[in-house]
Amino acid sequence: MRPYVALILDSFREAVVSWTLWLLVVPITLILLGLAPASVREEVATTLESHELVSPVKLARRIRAEAEGTEPSPGKRIWSLLTSTERKAWERIADPGSSPGERVQNRSRIRRALNRLIESEDLYDADAWRGVLLDKETQALVNQDASSLDRIDRQRRNRLLLQAAFPNYISKGGVRVVIRYFGFDVTSPFTMPGVRFRTFISDTIVPAVSGFLLGNIGVFIAIMVTSSITPQLFEPGSLSLLFSKPIVRSVAFLAKFLGGCAYIFLCTAYLNIGLWLILGWRFGVWNSGWWTSIPVFLFIFAVYYSVSASVGALSRNAIVAVAAAVLFWTAGFAIAVTDGFYVRLSIMPQEISHLRQDRGKTLAVTKSGGLLKWNDDQHEWQSVSERFGAPSSMRVVGPVWVETEGGERILVARRFARARGGMFDRPRLEILSPSGEAWESTNGIRLPQGTLDLFTIPDGGVIAVGIDGIYRIHRWASEEEDEGVPTGFFFKLPRFGKREFEPIGPSDWALRGPSHVAIDPPTGRLAVYDGGEVAVYRMSERGKYEQVGRTTVTSDGEQGGAVAIGGTTVVCILVDGDVIELDATTLKKRHTYRREPKSQPRQVVAARDGSTFAVLYHNHTLYLLRPQAKGERRYERPSELPQRRIDAVGFDEQGTLQLVHHFRRIAWFDPKSEKMVRQYQPGLTWSQWIYFTIVRPLDRIMPQPGELKNTAQYLMLKKETTDGDFNREDIEAPRESLNPWEPLLATGVFFVLVLGLTCLVIERKDF
Amino acid sequence: MTAVIELRQLEKTYGARFGRKVHALRGVSLEVREGEIFGLLGPNGAGKTTLVKILLGIVRRYRGSAMLLGYRAGDRRGRRRVGYLPENLTIPGHHNALSAMMLYGQLSGLSRRDVRARRMKLLEQVGLAERARDSVRKYSKGMRQRLGLAQVLLHDPELIFLDEPTDGLDPVGRAAVRDLLKQLSAEGRTVLLNSHLLQEVEMVCHRVAILHLGQLRRTGTVAELSEVTAGQLRLRIRVKGDPHRLRMVLDESELPPQWTVQEDEMVWQGVVSDQQSLDRLIDRLRQADLSILEIARARATLEDAFMRLVEPADPQAS
């Protein structure tokens, strides 16, 4: 071993003595020195931001109503502290007859008034808040004399009191962050709604920066600085002497290669450990994944370096060696980009993301927001409403299948996934009617503000569930004069007053988000997930929805969730990975399941009788939850299911599970007998055929060391999908599969092959 | 004496598999005995370096056999006991003499401690001790050659291959190398010296082999090789008279018609095959009315033998 160790050490000596060391160490040191003075300061939420007022109109009405009561209450107290001008503004907002323009104008007035009260020393009145449940922090603050509190504590106390009194209308508000440098604030306090700042740094910023720094820039520089090592060794005057020594040529080559890798390893470790210390020390983010990702980044370098070293050994020319490595990088990049464009623009948008059963019809929603209907006679998906291009940030509302005098219709709408209500969050209904083989689309009414979903209820009616209420739709066809009121600008204000829909929800209904609603088709019950709580509503005999029960399922109300209801069970899934089984009547928690630690649940659907729930994860894994089953069988992965990559699930009216898998294949699976009932493989378009038979196999075969960044991210985050903190409130948001081991295998085979062949040539070649 | 190198009908053909063949060695057979300094001579392209590289396993033989210290050529056990100074040695620029010695010593299987114990003494021996810590980038060609010689001796090899060891050295350095070779021989080491400098080989080598176009032309001691020119007379003739007549005489005698002029005298140097030819040449000079001022006879050298052996064109050359 001695000669080979000497060769490895010689690489180090070469790096240390020559400029190559400084080419890497100096920039790394500068980066670390540049980052070291940065830090963050976190502030608790005090004053109200506009997005933290969930439903100002309802809040105004509630306070107004409490003010008219005889008993002391928070609303009465607030009302008493308002100025006469403020009261007038609030009354106009609370008035159901007020115009939308007035509401928008007065929304900010409400916020300003509340922020003025937050500054006040007099807001808290023990009698007024007697019936309100206060948490420990609030309790501690109200127990102190208001005049003894400093300004921040006073603001905090009043903010918490308002939150506690009106939890449905005032969101908790995240921590505010101030970025600092050398101890000075360089930004104003800002909030990141739905985002935990440290998690955001740890899970989003760090992998992105490290991937860019190490995976791209670092590897490129490393290739440049190490490219001369092998050709120099193989120079004629140097090589003859080396090979005259009692060593094995190929092992000497590998030792020299290893020396280059070891040198880069030290540089990578220096950067990673430096960043790890800075992030831990300055930002409080101690992510041990940094350590495990070092070998992956080293491997990325080693793959490129294997090409450079092999070409360098055979050509004995450093420039040719670098050119070969750059060419290899470019080829891999070009194939990855081609595949990426194909997937993003042609394949993925056409993938089915949701299935919905309505009146015995199977409807599917694609990732680009298109709508398909399953034709059970021709065993094909029929396009109903097309959308092209990249996967949309729009979410499909509905679809529902209705039968009218004019025939069958599909109603659907689309809204921004991150829309939070507001007067412009009124999705336009699209009415689709069959016209021969195709479907004709016409514009329908604008749905109520913040509509999340459309459902058909047992009496055949259609309801829209929104953040402001539940509405029965009376008329969906749009009339021309309903286009809106001209404003003189590029938009029109929606016209109100026409009874296209009527509220049938409870008066205190207000969803602060993130929210998801599901219906139990046989009974019309609604299950709602909203900001960490699950509630069930049933329709009364008067045709109005009323609350059955409500429970808190997570203290982290900023995370997204979804629900399904069937029989006596409600199942709630959370972004953090929990699957919670609840009793549909008492809302008591029965079980919490967590089976896929490396992925998060995406969808949950219920069989009509509530005997089975299907939970689909972002890694395309399916679990079945059987409330009647015992032990492990209660929540398990169906062993008989041959499909392993499932894109969407649904139950038909007979309780058979429908699965869409591998692009657009569909299968029916009986969860009771655990037998496949039937399955079909619809035909592909020529473009899809080219992708699945040529582009994708080529992409799989070609080594792409760049993809190993996913492996590094996986090791850092321990998740098989990217879990951007910006998406925490949206459980449906695509979480890209990191696919950590596939590139490792393909690239590993390539790596071994390149080095193996080079060793063979070196052994056989006359030098 | 034991043979440390044995070659039997050794052949090397480059490009044998790809059409355009170059025969670097054609059936070379020779032996180098223990303790001798063996000179390998030949013009450029004769196959000397190829022969050495085959022995060291850097190049593969095509046919025949090559044994080194009792092992097949290229065997690591054999190479462990060999020191090699290649022609145009390149020492990577990040080294100084000490680090280079450490690397090459360890490559030869020595421990760091052993290298540390030996390297300074050897550097002193080759005159590099004072510059041992300087980067080799600052070394002259001669200094690099000395460093190369020092690394050759570092692991105390039994057999030493020196490819143009005095290349780049000044006369003092060359003399030092010659002394070193003699010292090595006295220590019982075998040296295979590959050189263009015939005088050098003549001065230090016990035996010499002359290669030409891949063929072994002759092996033997310097004296034996000099016999190749036995009977021939190397002459220096000084005459005075008409140059046209001198030309006529040389043409008649089939001798090269070239001479130098010194004032009014003409000096011709060349080789005549025997005494009778010399007598005839003198008769013709006299008949041509040229005055013979001086006839001097020179001693036959290795160079004469070398020139004689490599001059004829090889009809089989590819």
*Rounded if a/c is under 1.5, else prolate if a/b is larger than b/c, else oblate: which is the stretch A:507-632, with a ≥ b ≥ c the root eigenvalues of its Cα gyration tensor?*
oblate
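Helix by helix, which DSSP H runs in chain A go 20 Å or more along their axis at the Cα atoms and have an average Kyte-Doolittle hydropathy of -1.0 or more? Mind showing how you got there, number by number?
On the way: long enough: A:2-17 (22 Å, 0.71); A:20-35 (23 Å, 2.48); A:100-119 (29 Å, -1.23); A:151-165 (21 Å, -1.13); A:249-283 (49 Å, 1.25); A:289-315 (39 Å, 1.32); A:318-342 (36 Å, 1.78); A:742-764 (33 Å, 1.68).
Result, helices passing both filters: A:2-17, A:20-35, A:249-283, A:289-315, A:318-342, A:742-764.
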_Can you give me the accessible area per residue for the stretch A:50-174, using a 1.4 Å probe, in Å²?_
49
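Could you give the length gained on full extension between A:L698 and A:E732, defined as 0.36 nm per residue of separation minus the Cα-Cα distance, in nm? Could you put the intermediate results ahead of the total?
On the way: separation 34, 0.36 × 34 = 12.24 nm, distance 3.02 nm.
Gain on stretching A:L698 to A:E732: 9.2 nm.
Using only alpha carbon positions, build the gyration tensor of chain A, then give the equivalent ellipsoid semi-axes as the square roots of 5 times its eigenvalues, largest first, whole angstrom. Present the calculation step by step, with values, prior to reporting the outcome.
Working: eigenvalues 603, 259, 103 Å².
Here the semi-axes work out to 55, 36, 23 Å.
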*Any idea what angle helix B:112-125 forms with the longest principal axis of chain B, computed on alpha-carbon atoms, 0 to 90 degrees, nearest 10?*
30
*First measure r as the distance between the Cβ atoms of A:L757 and A:W22, then evaluate 1/(1 + (r/R0)^6) with R0 = 45 Å and state the FRET efficiency to the nearest 0.05.*
0.85
*Evaluate E = 1/(1 + (r/R0)^6) for A:E49 and A:S555, where r is the Cβ-Cβ distance and R0 equals 22 Å; express this FRET efficiency to the nearest 0.05.*
0.55
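Which entries of A:K58/A:K589; A:K136/A:K172; A:K373/A:K544; A:K76/A:K544 have Cα-Cα distances beyond 25 Å here?
Listed pairs above 25 Å: A:K58/A:K589; A:K373/A:K544; A:K76/A:K544.
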*asked:* Just to confirm the number: angle between the C-alpha axis of helix B:243-252 and the first principal axis of chain B, 0 to 90 degrees, nearest 10?
replied: 70
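Relative to the compact globular guide of 2.2 N^0.38 Å, what is the alpha carbon radius of gyration of the stretch A:278-419, as a ratio? If you can, show how the numbers build up before the last one.
Working: Rg = 25.4 Å, N = 142, 2.2 N^0.38 = 14.5 Å.
Taking N as the residue count of the stretch A:278-419, the ratio is 1.75.
B:D134 to B:S65: extension gain in nm, 0.36 nm per residue of separation minus the Cα-Cα distance? Each step should come with its number before you reach the end.
On the way: separation 69, 0.36 × 69 = 24.84 nm, distance 4.35 nm.
Roughly 20.5 nm would be gained on extension.
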*In the stretch B:1-149, with Lys and Arg counted as +1 and Asp and Glu as -1 at Cβ, which of these residues, B:T2, B:L56, B:G42, has the Cα nearest the positive end of the dipole, that is, farthest along it?*
B:L56
*Pairwise label distance in nanometres, A:R633 with B:Q199, each label 7 Å out on the Cα-Cβ vector*: 10.5
*Which net charge results when you count Lys and Arg as +1 and Asp and Glu as -1 among the other residues whose beta-carbon is under 11 Å from that of B:V59?*
+4
*Across peptide A:7-15, what mean number of C-beta atoms from other chains lies inside 10 Å of a residue's C-beta?*
3
*asked:* Suppose each label sits 7 Å from its Cα in the direction of the beta carbon; what would the A:M394-A:T29 distance come out to in nanometres?
replied: 5.6
*If r is the Cβ-Cβ distance from A:E403 to A:E380 and R0 is 22 Å, what FRET efficiency results, to the nearest 0.05?*
0.45
*Just the number, please: carbon plus sulfur as a percent of the accessible area of the stretch A:5-116, 1.4 Å probe, no ligands or DNA/RNA counted.*
60
*Under a 10 Å cutoff between Cα atoms, tell me which one of B:E224, B:E265, B:E31 has the largest fluctuation in the Gaussian network model of chain B.*
B:E265
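Decide, for the stretch B:1-144, between rounded, prolate and oblate: order the square roots of the alpha carbon gyration tensor eigenvalues as a ≥ b ≥ c, take rounded if a/c falls under 1.5, and otherwise choose prolate if a/b is larger than b/c, else oblate. Each step should come with its number before you reach the end.
Numbers: a/c = 2.28, a/b = 1.74, b/c = 1.31.
It is prolate, given that a/c is not under 1.5 and a/b is the larger ratio.
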_No solvent, one uniform scatterer per C-alpha: report log10 I(q)/I(0) for the stretch A:50-174 via the Debye equation at q = 0.14, 0.23 1/Å, two decimals._
-0.57, -1.48
_Listing of the stretch B:32-61 residues, each with accessible area lower by at least 50 Å² in the full protein assembly than in the chain alone (probe 1.4 Å)_ = B:I58, B:R60
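Between A:E541 and A:A126, what length comes free when the chain is fully extended (0.36 nm per residue of separation minus the Cα-Cα distance, one decimal in nm)? Don't skip to the answer; put the middle values down first.
On the way: separation 415, 0.36 × 415 = 149.40 nm, distance 4.02 nm.
Result: 145.4 nm gained on full extension.
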*According to a simple spin-label model (label point 7 Å from Cα along Cα-to-Cβ), what is the distance in nm between B:D156 and A:L134?*
9.1
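So how much accessible surface do A and B hide from each other in total, probe 1.4 Å, in square angstrom to the nearest 100? Show your work: numbers first, answer last.
Details: alone 34510 and 16840 Å², together 48600 Å².
Buried area (both sides, nearest 100 Å²): 2700 Å².
The values are calculated or read from the model by the stated rules, or taken from the named source; none is laboratory data. Note that the structure is a prediction, hence the values are computed from the model and not measured. Cβ coordinates were reconstructed from backbone atoms using ideal geometry, including for glycine residues, and neighbour counts include every protein chain displayed. In case anyone asks, the SASA skips ligands and DNA or RNA and just uses the protein heavy atoms, side chains included. Shrake-Rupley method; radii C 1.70, N 1.55, O 1.52, S 1.80 Å.
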